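Visitor: Take a look at this one; I'll ask things after.
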Amino acid sequence: MNSNYFSEILKISNPYLKEEFSKEQIESLLLKTEILNNLIDNKEIIRKWTDIYTDFVKNEYQNEYENTDEKLIDYLNEKDGIKIIWGNCLDVLKGMKSESIHLMITSPPYYNAREYSQWKNINDYLDDMRMVIREAYRVLDNHRVFVFNVGDIFDNDNVKTTSVWGKRRIPLGAYFTKIFEEEGWTFVDDFIWDKGEVQSERHKNGDKPYPFYQYPMNCYEHIFVFHKHRDDKTKFPCPVCGTLKVNGNAYSEIGLKSWECKNLECFERSPANRGKRFSLKTIMTQGRQNDVFSIDNDFIKKWRKDIVKINPVIKINNKGENVLGHTAPFPFEIPEFAIKMFSYPNEFVLDPFAGSFTSVIAAKKLGRIGIGIELNKKMFREAGIKNIYNNFSGIFDDSQIKLSEFDFSGENK
Ligand SMILES: C[S@@+](CC[C@H](N)C(=O)[O-])C[C@H]1O[C@@H](n2cnc3c(N)ncnc32)[C@H](O)[C@@H]1O
């Protein structure tokens, strides 16, 4: 009979709990652990206690932020279906709970192109994007990633007077990387999306085979992966013995602490009597690996390379009509990559600049809950919703898609 093992955990962990949390906080934590008293399996006790404790720490962190919007939270609480939110993503993100999303994927609005351009110059645009990136950092769960697709455009930045070259290459990928890093994210990877097309014939000496007729062109884009590692001073239970008697002793990766168990009674000690070493990443992500979440080999092979060829989306049919109702969708393969590589089934996947909702469609197809925020309800609603339903014809009937909408710009706000 091991039903007392939890009291052992508590006895060893008590000094730390008292040091770190108030009496009320500890009481509310203990209330949640009552179910552990009836368990007899040590491993189950350790696992459940770790879940309860981790949830508790996360809630404490969420409580530090007070601007959440209750209606929006209620809407997002339901873990099912496809969720479409109409509104400005900065406002919507501000209304969301901290660390409540498991993966973000997006392609931001183009600067100075398309129907939604509104910026005086490149700096204005990047300032707006920075605000969204900052808020996204708060809303994304710790140790998770933001997959961010952007191209280095060929345009006029409206900051300097036009150069002798006329329009120029604007290295948006570099500018965005700097912003992400300044806002606390860690740059992890940059996949180059080879679009397999030369988007204009004006460039590269085309009809003028003379010196100085070389101009830049847009035939690739970046698919960035940025990690969030909020430096968390809280101790987490040793995954082997469940006690909080652990010491931070090294950084295993940038911004990511690792810990060593100091409980001499821990079930796993090295021959030199050292405790098990682990990191938050190990507990929060790798600890959940399981055969049913495995990714197939062909897919892994394709994304093992840092340059990936994907055909751009064909949105104009042979009658010259835009069949998606949107001028800049990204291919399904981008959110598919992000979702398979960086999330688990039933988790929340958010695209703050959802456009024609490619990310939420991919999320639903892969068994996740997709949330898409889109500003332009007037322009994109009809075609956007139609596009979602079209994607599931023959797969799900309408009631299984469980599409719902929330208007954060008007009546619901
Ligand atoms: C490049 S498109 C995204 C396309 C999308 N990946 C797809 O596959 O259809 C960017 C989208 O962001 C939207 N947008 C621009 N500013 C926004 C904002 N502040 N909040 C939410 N959406 C915004 C634009 O209307 C546009 O649909």
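Visitor: When region 334-382 is examined, which residues are found to be in a strand (DSSP E or B) and of a type outside the set (Gly, Ala, Ser)?
Guide: Listed by number, the residues that qualify are PHE348, VAL349, LEU350, ASP351, ILE369, ILE371, ILE373, GLU374.
Visitor: Another one. Can you name the condition, by its number, that GLY320 falls short on among (1) modelled with pLDDT under 80; (2) in a loop (DSSP other than H, G, I, E, B); (3) within 29 Å of ASN142 (Cβ to Cβ)?
Guide: (3)
Visitor: Failed condition for ARG168, given (1) open to solvent by 30 Å² or more (accessible area, probe 1.4 Å); (2) modelled with pLDDT of 95 or more, with all others met?
Guide: ARG168 satisfies all of (1) open to solvent by 30 Å² or more (accessible area, probe 1.4 Å); (2) modelled with pLDDT of 95 or more except (2).
Visitor: Continuing with the same structure: Quick one: ILE334 ticks every box in (1) within 22 Å of PRO109 (Cβ to Cβ); (2) touching a Lys or Arg at 6+ places or on another chain (Cβ under 9 Å); (3) open to solvent by less than 10 Å² (accessible area, probe 1.4 Å) bar one, so which box is it?
Guide: (2)
Visitor: Right, something else. Can you confirm whether region 383-392 contains a residue that is open to solvent by 50 Å² or more (accessible area, probe 1.4 Å) and within 25 Å of ILE133 (Cα to Cα)?
Guide: no
Visitor: Which one of LYS262, LYS281, LYS309, LYS301 is within 30 Å of ILE9 (Cα to Cα), modelled with pLDDT of 90 or more and not acidic (Asp, Glu)?
Guide: Step by step, each of LYS262, LYS281, LYS309, LYS301 is checked, and only LYS262 is within 30 Å of ILE9 (Cα to Cα), modelled with pLDDT of 90 or more and not acidic (Asp, Glu).
Visitor: With respect to ASN123, determine if the residue is open to solvent by 60 Å² or more (accessible area, probe 1.4 Å), more than 16 Å from the ligand (Cβ to nearest atom) and modelled with pLDDT of 85 or more.
Guide: When the stated conditions are applied, ASN123 passes them.
Visitor: Ok, one more. In region 344-364, which residue that is at pLDDT below 95 and among the hydroxyl-bearing types (Ser, Thr, Tyr) is nearest to the ligand (Cβ to nearest atom)?
Guide: Step by step, filter region 344-364, then rank; the result is SER356.
Visitor: Pairs needed: first member in region 354-376, more than 15 Å from LYS402 (Cβ to Cβ); second member anywhere, part of a strand (DSSP E or B) and open to solvent by less than 10 Å² (accessible area, probe 1.4 Å); C-beta distance under 6 Å; at least 6 residues apart or different chains.
Guide: Once the first residue is more than 15 Å from LYS402 (Cβ to Cβ) and sits in region 354-376, its partners that are part of a strand (DSSP E or B) and open to solvent by less than 10 Å² (accessible area, probe 1.4 Å) give ALA354/GLY372; ALA354/ILE373; SER359/ILE105; SER359/ASP351; ILE373/ILE85.
Visitor: On to the next question. ARG47 fails exactly one of the following numbered conditions: (1) closer than 20 Å to CYS238 by Cα; (2) within 28 Å of the chain's Cα centre (by Cα); (3) open to solvent by less than 100 Å² (accessible area, probe 1.4 Å). What is the number of that condition?
Guide: Only one criterion in (1) closer than 20 Å to CYS238 by Cα; (2) within 28 Å of the chain's Cα centre (by Cα); (3) open to solvent by less than 100 Å² (accessible area, probe 1.4 Å) is unmet by ARG47, namely (3).
Visitor: Scan region 365-378 for residues that are more than 7 Å from the ligand (Cβ to nearest atom) and of a type in the set (A, V, I, L, M) and jot them down.
Guide: Selection gives LEU366, ILE369, ILE371.
Visitor: Considering only region 55-97, state which residues are within 13 Å of the ligand (Cβ to nearest atom), β-branched (Val, Ile, Thr) and part of a helix (DSSP H, G or I).
Guide: Answer for region 55-97, where residues must be within 13 Å of the ligand (Cβ to nearest atom), β-branched (Val, Ile, Thr) and part of a helix (DSSP H, G or I): just VAL92.
Visitor: Let me ask something else. So which residues in region 15-24 are surrounded by 14 or more Cβ atoms within 10 Å (Cβ to Cβ) and not hydroxyl-bearing (Ser, Thr, Tyr)?
Guide: LEU17, GLU20, PHE21
The values are calculated or read from the model by the stated rules, or taken from the named source; none is laboratory data. From a predicted model like this one, the values you see are computed outputs, not experimental measurements. No Cβ is skipped: glycine too gets one built from the backbone with ideal geometry, and neighbour counts run over all protein chains shown. Protein only, heavy atoms only, side chains kept; ligands, DNA and RNA dropped before computing areas. Shrake-Rupley method; radii C 1.70, N 1.55, O 1.52, S 1.80 Å.
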